[in-house]
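Chemist: Input: one structure, supplied below.
Bear in mind that the values in this text are calculations on the coordinates, not laboratory data. The structure presented is a predicted model; accordingly, all values stated were derived computationally and were not measured. Virtual Cβ from ideal backbone geometry, glycine too; neighbours counted across all protein chains shown.
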Amino acid sequence: MKKKLSEMDYDEKGTVIEIDRDLQKRVAGMGIRVGKKLRMITKQPIKGPVDVIVDEAETSLGLELADRIIVEVD
Amino acid sequence: MKVLLMGHPNVGKSVFFNRLTGANVTESNYPGTTVDYTKGWMKIEGEDVELVDVPGTFSLDPKDKAEDVAVAMLHETKDAKVITVIDASKIERGLYLALEIIEEGYPVVIALNMWDVAWDKNIRIDARNLEKILGVPVVPTTAISGEGIKELVSRLKSAKPVEVDDIIANAGGLT
């Protein structure tokens, strides 16, 4: 099932399938690109960031970024 | 010679810096900002070498003030050699930055730091093969204990600019 990264549930795993073009470079330095597997570990309330695990390492994404990354959940 | 220490935040750049320079260090703000950086001197085979501890950055597309400074420092020292410090347990994103620096034509040496942490996490990296593919020296290090630092320094002189097209060819093309 496809959903936005910001809509993932706790501990849900998925594979990145789409990133807004103008965002691709911005998140590449954080290890996020199409084809990457990730796991959502924390979501902060009140429009706070989304934390994911990519390659065994934690990364925190602002909600406005997480809204524009599409993930195919396992 | 001028050498820049670059890498993500919290990968051990400053530990390298302290190990390499010792006490003779000045700390200053980058003009017009409150982002501070340190520079110091070391000797390699009798030659005085200036070493700069550049603020951590994830990429060369700056997203905040510290990253602005990091990128500006790189761009204003065109003749510098760059030690790119990578957290070996998070190698992919580290390589992204290293490749960006290589792409701009700087002679780069890669320090696969926190080698011990990566080892504990069961992450095994074929540093020799990586070196073959990238064409730049790749040295496993554990800056905290000092492991690999001597080798890293001795390989600085063999750092030279590499064409990204060659790296792509060595890696077997784009997938």
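Chemist: If Rh is defined by the Kirkwood formula over all Cα pairs and Rg also comes from Cα, what ratio Rg/Rh do you get for region A:2-73?
Modeler: Expressed as Rg/Rh, it is 0.90.
Chemist: Further question: Taking the 0 to 90 degree range and rounding to the nearest ten, how far is the long axis of helix B:91-103 tilted relative to the main principal axis of chain B, both from C-alpha atoms?
Modeler: So the helix axis and the longest Cα principal axis differ by about 70 degrees.
Chemist: Here is a further query. For peptide A:23-36, compute the average count of partner chain beta-carbon atoms within 10 Å of each residue's beta-carbon.
Modeler: 4
Chemist: Using alpha carbons only, how many degrees (0 to 90, rounded to 10) separate the axis of helix B:65-76 from the longest principal axis of chain B?
Modeler: The two axes meet at around 80 degrees.
Chemist: Then there's this: Show that you can apply the helix-only estimate: for the protein assembly as shown, add -39,500 (n - 2.57) for every DSSP H stretch of four or more residues, divide by all residues, and state [θ] at 222 nm to the nearest 500.
Modeler: Dividing the helical sum by the residues of the protein assembly as shown leaves -8000 deg cm²/dmol.
Chemist: So in region B:2-170, what percent of DSSP beta bridges are antiparallel if you round to the nearest 5?
Modeler: 40
Chemist: Then there's this: If you take each beta carbon of peptide B:118-126 and count the beta carbons of other chains within 10 angstrom, what is the mean?
Modeler: Average per residue, whole number: 1.
Chemist: Considering only the other residues whose Cβ falls under 11 Å of the Cβ of B:Thr38, what net charge follows from Lys and Arg at +1 and Asp and Glu at -1?
Modeler: Spelling it out: positives minus negatives among the neighbours equals -1.
Chemist: Just want to confirm a number: the relative contact order over region B:2-170, from Cα pairs under 8 angstrom separated by 6+ residues, in percent.
Modeler: Relative CO of region B:2-170 lands at 21 percent.
Chemist: Gaussian network model of chain B, Cα springs within a sub-10 Å range: biggest mean-square fluctuation belongs to which of B:Val139, B:Val85, B:Val25?
Modeler: So, out of B:Val139, B:Val85, B:Val25, the one fluctuating most is B:Val25.
Chemist: Whole number please: convex hull volume per residue of the Cα set in the protein assembly as shown, in Å³?
Modeler: That works out to 142 Å³ per residue.
Chemist: Here's something else I'd like to know. Of B:Arg124, B:Arg155, B:Arg93, which is the most mobile in a GNM of chain B whose springs link Cα atoms less than 10 angstrom apart?
Modeler: Taking springs between Cα atoms under 10 Å, the residue moving most is B:Arg124.
Chemist: Determine the distance separating the Cα centre of region A:1-42 from the Cα centre of region B:1-57; give it in Å without decimals.
Modeler: 34
Chemist: On the Cα set of chain B, report Rg and Dmax in Å, please.
Modeler: 15.4, 47
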